[in-house]
1. Which of the strands (runs of 3 or more DSSP E) found entirely inside region 350-429 contain at least 3 residues meeting this: more than 30 Å from Ser269 (Cα to Cα) and not assigned by TED's automatic domain parsing to the domain that holds Ser269?
2. How many residues are touching a helix residue (DSSP H, G or I) at 6+ places or on another chain (Cβ under 9 Å), closer than 14 Å to Leu448 by Cα and buried (at least 16 other Cβ atoms within 10 Å of the Cβ) when one looks only at region 306-317?
3. Of the residues Leu101, Leu86, Leu123, Leu128, only one is modelled with pLDDT under 90 and either crowded, with 24+ Cβ neighbours inside 10 Å or in contact with a Pro (Cβ under 9 Å, 6 or more places away or on another chain) (or both); which?
4. Residue check: is Gly253 touching a helix residue (DSSP H, G or I) at 6+ places or on another chain (Cβ under 9 Å) and either of a type outside the set (A, V, I, L, M, F, W, C) or part of a helix (DSSP H, G or I) (or both)?
5. Out of everything in region 182-203 that is closer than 24 Å to Asp404 by Cα and assigned to a loop (DSSP other than H, G, I, E, B), what residue ends up being farthest from the chain's Cα centre (by Cα)?
6. If a residue must be out of contact with any Gly (no Cβ under 6 Å at 6 or more places or on another chain) and either hydrophobic (A, V, I, L, M, F, W, C) or under 30 Å from Pro156 (Cβ atoms) (or both), how many such residues does region 301-357 contain?
7. Kindly provide the set of residues from region 1-50 that are in a helix (DSSP H, G or I), under 27 Å from the mean Cα position of the chain (by Cα) and modelled with pLDDT of 95 or more, ordered by number.
8. Looking only at region 342-357, which residues are hydrophobic (A, V, I, L, M, F, W, C) and farther than 11 Å from Gly386 by Cα?
Amino acid sequence: MPALRCLLATLAVLVLAGCAATLPDELPKGEPGYALAPQPGGPLAALEEDIAARIGAEASGFRLLDSNEDGLKWRLALIDSAQHSLDLQYYVWWGDEAGILLMKRVVDAANRGVQVRIIVDDLTTTVLDAAQEQLSDSGVAIVGAHPNVELRLFNPWRRRSFAGRIIESLGDLDRVNERMHNKLMIADNRAAVIGGRNIGNEYFGLSPEFNFRDLDILGIGPVARQASEVFDRFWNSARVVAVEHLDQNATSGDTAAAFGIIDRRLADSPRLTRFAIERRDWSDELIRFREEMYQGNSRVLADAPGEEEVNHLMPLVILQLMEGAEADVLISNAYIIPSAETIDWLEEQIARGVRFRVLTNSLASHDVPAVNAHYKRWRRDLIEAGVELYETRPDAAIQPLVVDTAPVEARFMGLHAKAMVIDSRRVIIGSMNLDPRSWRINSEMGVLIESRGLAEHLTEVLERDMQLDNAWQVALDSDGSVIWTGPEEVLHHQPARNFWQRVKDVIFMAFPKEIY
């Protein structure tokens, strides 16, 4: 079994593809568990106490994680600062430099006594990298063997072999297709990061091929306990299985040996020059957080894992929030596939005086051309309904500023953010796209924050992303044709990076939009 990735794919929880074990249809239940209550002691306790003394115990302090470098830096800061507990919930956790650096720091935290719980969606556990060294055990089991780490997989494959998974997909597609898309980290039940970033190089500006423009929010205070309630619902769900049921024999000695290999790989990586490999002190950054934060009251929103399927609570909440807008809705969302009902609804909202500005991917910036194949037919309808529409450029001026992390310079960038500002006072940041998969299939989550200061800041960021050197403005010309306006050009065909993108854009029109 390809180890580093496999193990890394702890990280990624990626690697059970070579395992021949089979799980029963009714998953074995893990022991119930709940978030550790905030404990005294440690830098995060001191920071929350200081914030509460300044703004009150009901509010939280927030910081927008605009740049990819900040997204990785602040996750490392929370892991390194934790003294009691770490809870992490992710759709994807790749075994690349970003993934193994974060998992190394998580294991280091476990080594010093921090109690760690991890939930990862099981979809990508088939991903292997045959170029890496070989280990006999899966990376999932290696991390889960640590005495201070508990690791569970959401909606696990019942058949653990690669061929078995193909058979399972064909025979039980509805269940296999339902995935946990949440992205969440909680430290000491006092600090939380919620947003759009998965764990992998492209989410933190470290991929030379392409990087995502993404957004998270860091919160200190009651928002962490709200997030813990969501984590606990998934942790205790019938939809998860603990790794000890996967028939993978691993010991704490295997964990130590595996991370010795990881340490050597990290030390040799030229991409991580902006980040310390070993744990460091974050006192200065925590002080600056206190001085620069935005005050706000929050509500963490999430779908709920039922016994047989996900209960989709997010769509109605998001719809109600937008219907409550009085003047302005500003949206940045990576994957948008509307419907005729959506267009009618938008026309009603705009007719009553609400301005809608929307930023999404162009075909040229897309990492999933299948989504564009179904979105493109709605461009004209969105514009005619009154939406001010923008599409991200793959060569946006913001790429070297907030997308790529030095020394990496990616070939292009794409949008992955899911953020919204309502009436310059409400902010929503999370994992939810505006497409059928997010609304009807995946589990999703986000955080609603009432904060005029944060809303004004996010508005400035999104308006920057909509400027013509970062995005094309999509409109209709005098003949009613769709045009893309940039700083120096007007295009009459949707922009693409290459001819093959245009070919895929046509091919994927034949597939149902509901699967994307």
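1. 355-361, 388-392, 418-422
2. Residues in region 306-317 being touching a helix residue (DSSP H, G or I) at 6+ places or on another chain (Cβ under 9 Å), closer than 14 Å to Leu448 by Cα and buried (at least 16 other Cβ atoms within 10 Å of the Cβ): 1 in total.
3. On inspection, the qualifying residue turns out to be Leu128.
4. no
5. Gly200
6. Total satisfying the criteria: 37.
7. Pro43, Leu44, Ala45, Leu47, Glu48
8. Trp345
The values are calculated or read from the model by the stated rules, or taken from the named source; none is laboratory data. This structure is a prediction, so every number in the text was calculated from the model and none was measured. Positions of Cβ are backbone-derived with ideal geometry, glycine not excepted, and every protein chain shown enters the neighbour counts.
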